[in-house]
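Asker: Shown below is the structure under consideration.
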Amino acid sequence: MANQQEGEQRGTRQIIEGVVISSRMQKTVVVQTERRLRHPEYRRVVRQRGKVYAHDEQGVAKEGSRVRLVETRPLSKTKRWRVLEVLS
């Protein structure tokens, strides 16, 4: 179906938070995300870090800013996120 029916909703979009580690590109920021999980064997809490590229239309996010990202359609080869808001 090309058209969406009235009242039909898209799937829920994932929202993540992270810290901007690079803002040198135009309209793109690189954000480092962090997850805390328990190691399956040693039962110790470990941090897993990831790096995502996000679209920043206004260019308000600077290096060191904490941002909230929302999942979006593919915008380029690597960009799958969009800056929702700058937290600090």
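Bear in mind these aren't lab numbers, they're just calculated from the coordinates by the rules spelled out. Everything quoted here is computed from the prediction, not taken from an experiment. Cβ sites come from the backbone with ideal geometry, for glycine too, and all protein chains shown count toward neighbours.
Asker: Pick from the range 55-79 the residues that are assigned to a strand (DSSP E or B) and either touching a Lys or Arg at 6+ places or on another chain (Cβ under 6 Å) or charged (D, E, K, R) (or both): which of them is surrounded by the most Cβ atoms within 10 Å (Cβ to Cβ)? So that I can check it myself, show each step before the final result.
Answerer: Quick first cut of the range 55-79, residues assigned to a strand (DSSP E or B) only: 55, 66-71, 79.
Next cut, either touching a Lys or Arg at 6+ places or on another chain (Cβ under 6 Å) or charged (D, E, K, R) (or both) only: 55, 66, 68, 70-71, 79.
Values: His55: 16, Arg66: 14, Arg68: 14, Val70: 14, Glu71: 15, Lys79: 18.
Ranking the qualifying residues of the range 55-79, first place goes to Lys79.
Asker: Additional query: If you go through the range 33-46, how many residues are loosely packed, with under 10 Cβ neighbours inside 10 Å and of a type in the set (Ser, Thr, Tyr)?
Answerer: Total satisfying the criteria: 1.
Asker: Could you tell me how many of the residues in the range 44-54 are free of Cβ contacts under 8 Å to residues at least 12 places away in the same chain and either of a type outside the set (Val, Ile, Thr) or not in a strand (DSSP E or B) (or both)? Even if it seems obvious, please write down each step before you answer.
Answerer: As a first pass, look at the range 44-54 and keep what is free of Cβ contacts under 8 Å to residues at least 12 places away in the same chain: 44-46.
Among the residues that remain, those that are also either of a type outside the set (Val, Ile, Thr) or not in a strand (DSSP E or B) (or both) are: 44.
Residues that pass the stated criteria total 1.
Asker: Next up: Does Arg68 satisfy the condition of being within 28 Å of Arg10 (Cβ to Cβ) and charged (D, E, K, R)? Give the derivation first.
Answerer: Details: within 28 Å of Arg10 (Cβ to Cβ): yes; charged (D, E, K, R): yes.
Against the criterion (within 28 Å of Arg10 (Cβ to Cβ) and charged (D, E, K, R)), Arg68 qualifies.
Residue by residue, here is whether (1) touching a strand residue (DSSP E or B) at 6+ places or on another chain (Cβ under 9 Å); (2) under 19 Å from Arg68 (Cβ atoms) holds:
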site: Gln9; (1), (2): no, no
site: Gln14; (1), (2): yes, yes
site: Val19; (1), (2): yes, yes
site: Gln26; (1), (2): no, no
site: Val31; (1), (2): yes, yes
site: Arg38; (1), (2): yes, no
site: Glu41; (1), (2): no, no
site: Val46; (1), (2): yes, no
site: His55; (1), (2): yes, yes
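Asker: What do you reckon, is Glu41 charged (D, E, K, R), under 16 Å from Lys79 (Cα atoms), out of contact with any Cys (no Cβ under 8 Å at 6 or more places or on another chain) and not in a strand (DSSP E or B)?
Answerer: Working: charged (D, E, K, R): yes; under 16 Å from Lys79 (Cα atoms): no; out of contact with any Cys (no Cβ under 8 Å at 6 or more places or on another chain): yes; not in a strand (DSSP E or B): yes.
Taking the combined requirement at face value, the residue does not satisfy it.
Asker: Still on this structure, I have one more. Across the range 12-32, what is the total count of residues that are within 19 Å of Lys77 (Cβ to Cβ), surrounded by 11 or more Cβ atoms within 10 Å (Cβ to Cβ) and free of Cβ contacts under 8 Å to residues at least 40 places away in the same chain?
Answerer: 3
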